[in-house]
Amino acid sequence: MEYSAEQIEVLGDLEAVRKRPGMYIGGVGVRGLHHLLWEVIDNSVDEALAGYCDTIVVRLHPDGSASVEDNGRGIPTGMHELGKPAVEIVMTKLHAGGKFKKKAYRIAGGLHGVGVSVVNALSEWLEVWVSRKGRLHYQKYERGIPVSELKVIGETEESGTRLRFKPDETIFEAVRYDFDIISQRLRELSYLNKGIRFKLIDERDGKEEELFTEKGITEYVSVVNKNREPIHDIIHITSEKNGAIIEIAIQFTDTEFENVFPFANNIHTIEGGTHVAGFRAGLTRAINEYGRKNLRKFSPLSGMDVREGLTAVLSVKVPEPQFEGQTKTKLTNSEIKTSVESVVYSELLEWLEEHPAEANKIIDKCLISRKAREAAKRARELVRKRGELSLTLPGKLADCSSRKPEERELFIVEGESAGGSAKQARNREFQAILAIRGKIINVEKAGLGKALKNEEVKAIASAIGAGIGSDFDSDSVRYGKIIIMTDADVDGAHIKTLLLTFFYRYMRPLIEQGYLYIAQPPLYRVKKDKKTLYFYSDRELEEFMEKRDKADVQRFKGLGEMNPDQLWDTTMDPAKRILLQVTIEDALEAERLFSVLMGEDVESRREFIVKHSKEAVLDI
Ligand code: 0RA
């Protein structure tokens, strides 16, 4: 068979993608696997945002494949100038997508906008059905190469696109799609793109879910504020400026925390960026302008004063998003800052002027925040009062003997029995154990006043010895590492989330400066030929067992089940253990997953936490 220049290029592209999948989809683990699906879903979301489709159905099939179906116009099937149907070009040419877009940009893309040809290249097989102009078309590919021509296989009265693909097992380490990860992403997409109906059908076990919101990001904000006390109705701003779509929902509450969730092209921009900078500037300017115009004796508020108690979702859609940063989640397009700032300034100022009663409440809240901040600062200047918390070490702390903070480690362990094992297992020279009981208070809901009355919070803060909240001083931290060690089960994961939220809210520098870690206890112990092996994930165990016929497998349910030697060997010994360093993003995401994306269903929430805690292990 002879190849045309065109075909040779396609084959070259395919080979490039299959050789370095990580360059296109970030990796070949759980994340990369789901990336394929995000890419396909993004295409349908774009069609919906263009106004041609309102329903997207995602199916997980028993054979390991996934499919995405939309009721849009259908990918064009006519002959392209290259002598092939347009749909085949879309499916096989790298970055061919753009050519067919009438609009200058694809909205959903951005981070995952690598094109569906990448999904095709990384699939054992991929099938596409296009319903268009009364006819149903079909084509199949294997590892990116067409195995049939595009054929008309029937008539239809509908229009739309359906894509089904099976990720290539020779490329991906993980090949099982996770219902909860997908449901969570669809929930997020439904908040960010109101009016699109997402259905998720798991044909492996019959589970189904529908994700749809009528009010979009406004609903997102009301979910975040579910247990807080808002001081006014949600403010909703939407505008189109210089080709960008800007949408913002804002609500102030009487809590002390700021909760701003920024998105760019449907991607959660954890690292912030120009849209966030514009938002902050516009917000501060609008409130100060309102204060200056309407209050006697008003001196301008700082951004911090303004943002206390703020809950907001900021969603921008820009033509050519540029992302930078460690996790590629920082938006850097400079023009968007000015656009967001001017929209927020003018729309918010107008809203404040139309709602004077609410406006006064918001200004009062800002003034109180400023007063509290100034009072705290004065107090700090008078005495570096960390007194009450650090004078006495808590009774349940088994401290270590080393005096060098940099080599000292604090293990925060859940439960008496695990605490007991850890105390026996540790090296008392440099490892301290603090056993906390039951669940630590949820500080997101309680606030500092109540949190400080909580015994567990007090014990943690005293042991660390560096104060709490605005008083926190990382120079005084008594340990070089603070390690959260919880059971590898649902409750353990829950406690981990609560602790992360606590540290994020009251000792953020601890995370920023890299003090905080999560211990990784093994999930399984296997005895084989008089050797003892430990496994930290289901996958590791499966891989090991595939090569062997029989072995004695023991599942660790809790830290308390291990004897001290085992605990030392697997989890605490600095020479062998695995520690995950906690980042600000981890802490933020833990909270967001918990409070927003998991929905109301407590059962599935429990299941999710179990799965998610395995994820952390898989992602190492
Ligand atoms: C380009 C042009 C047209 C539709 C699409 C792309 C399209 C792509 C995907 C991918 C998944 N679902 C999709 N739905 C539509 C239509 C051009 C026209 O009909 O004039």
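Return the only residue of Lys151, Lys133 being out of contact with any Ser or Thr (no Cβ under 9 Å at 6 or more places or on another chain), free of Cβ contacts under 8 Å to residues at least 60 places away in the same chain and open to solvent by 60 Å² or more (accessible area, probe 1.4 Å). Don't jump to the end; show me each part of the working.
Numbers: Lys133 fails: out of contact with any Ser or Thr (no Cβ under 9 Å at 6 or more places or on another chain).
Testing whether each residue is out of contact with any Ser or Thr (no Cβ under 9 Å at 6 or more places or on another chain), free of Cβ contacts under 8 Å to residues at least 60 places away in the same chain and open to solvent by 60 Å² or more (accessible area, probe 1.4 Å) leaves just Lys151.
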**OP:** Write out, first by first residue and then by second, each pair whose Cβ atoms fall under 8 Å of each other, whose residues are 6+ apart or on separate chains, and whose first residue, in region 293-309, is at negative phi while the second is surrounded by 12 or more Cβ atoms within 10 Å (Cβ to Cβ) and not in a helix (DSSP H, G or I).
**Re:** Arg307/Glu258; Arg307/Val260; Glu308/Glu256; Glu308/Phe257; Glu308/Glu258
Subject >> Enumeration of residues in region 50-66 that are crowded, with 21+ Cβ neighbours inside 10 Å and either within 25 Å of the chain's Cα centre (by Cα) or more than 10 Å from the ligand (Cβ to nearest atom) (or both) >> reply: Ile56, Val58, Leu60, Ala66
**OP:** Could you tell me whether any residue of region 207-224 is at positive phi and either crowded, with 16+ Cβ neighbours inside 10 Å or without any contact (Cβ under 8 Å) to a residue 12 or more places away in the chain (or both)?
**Re:** yes
Original post:
Filtering region 72-83 down to residues that are more than 9 Å from the ligand (Cβ to nearest atom) and either β-branched (Val, Ile, Thr) or open to solvent by less than 60 Å² (accessible area, probe 1.4 Å) (or both), which residue is nearest to Asn265 (Cα to Cα)?
Top reply: Thr77
Original post:
So, of the residues in region 560-576 that are modelled with pLDDT of 90 or more and part of a loop (DSSP other than H, G, I, E, B), which turns out to be nearest to Arg437 (Cα to Cα)?
Top reply: Asp573
Subject >> Members of region 410-445 found to be open to solvent by 10 Å² or more (accessible area, probe 1.4 Å), among the acidic types (Asp, Glu) and in contact (Cβ under 8 Å) with a residue 60 or more places away in the chain, listed by number >> reply: Glu414
**OP:** Would you mention how many residues in region 9-49 are out of contact with any strand residue (DSSP E or B) (no Cβ under 9 Å at 6 or more places or on another chain) and open to solvent by 10 Å² or more (accessible area, probe 1.4 Å)?
**Re:** 21
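Is it the case that region 38-45 has a residue that's hydroxyl-bearing (Ser, Thr, Tyr) and either within 13 Å of the ligand (Cβ to nearest atom) or at pLDDT 95 or above (or both)? Walk me through how you get there before you give the answer.
Looking only at region 38-45, we keep the residues that are hydroxyl-bearing (Ser, Thr, Tyr), and these are 44.
Filter once more, keeping what is either within 13 Å of the ligand (Cβ to nearest atom) or at pLDDT 95 or above (or both): 44.
Scanning region 38-45 turns up at least one residue that is hydroxyl-bearing (Ser, Thr, Tyr) and either within 13 Å of the ligand (Cβ to nearest atom) or at pLDDT 95 or above (or both).
Got a sec? Which of Asn294, Asn288, Asn259 is polar (S, T, N, Q), modelled with pLDDT under 95 and either within 21 Å of the chain's Cα centre (by Cα) or open to solvent by 10 Å² or more (accessible area, probe 1.4 Å) (or both)? Spell out how you get there, then give the answer.
Details: Asn294 fails: modelled with pLDDT under 95; Asn288 fails: modelled with pLDDT under 95.
Being polar (S, T, N, Q), modelled with pLDDT under 95 and either within 21 Å of the chain's Cα centre (by Cα) or open to solvent by 10 Å² or more (accessible area, probe 1.4 Å) (or both) holds for just one of Asn294, Asn288, Asn259, which is Asn259.
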Subject >> Unmet criterion (only one of (1) more than 16 Å from the ligand (Cβ to nearest atom); (2) in contact with a helix residue (DSSP H, G or I) (Cβ under 6 Å, 6 or more places away or on another chain); (3) at pLDDT below 90) for Phe172 >> reply: (3)
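The values are calculated or read from the model by the stated rules, or taken from the named source; none is laboratory data. It should be emphasised that the depicted structure is a prediction, and the values quoted were computed from it without experimental measurement. Here Cβ is always computed from backbone atoms with ideal geometry, including for glycine, and neighbour counts include all displayed protein chains. Quick note on the areas: whole protein, heavy atoms, side chains included, nothing else; ligands and nucleic acids left out. Shrake-Rupley method; radii C 1.70, N 1.55, O 1.52, S 1.80 Å.
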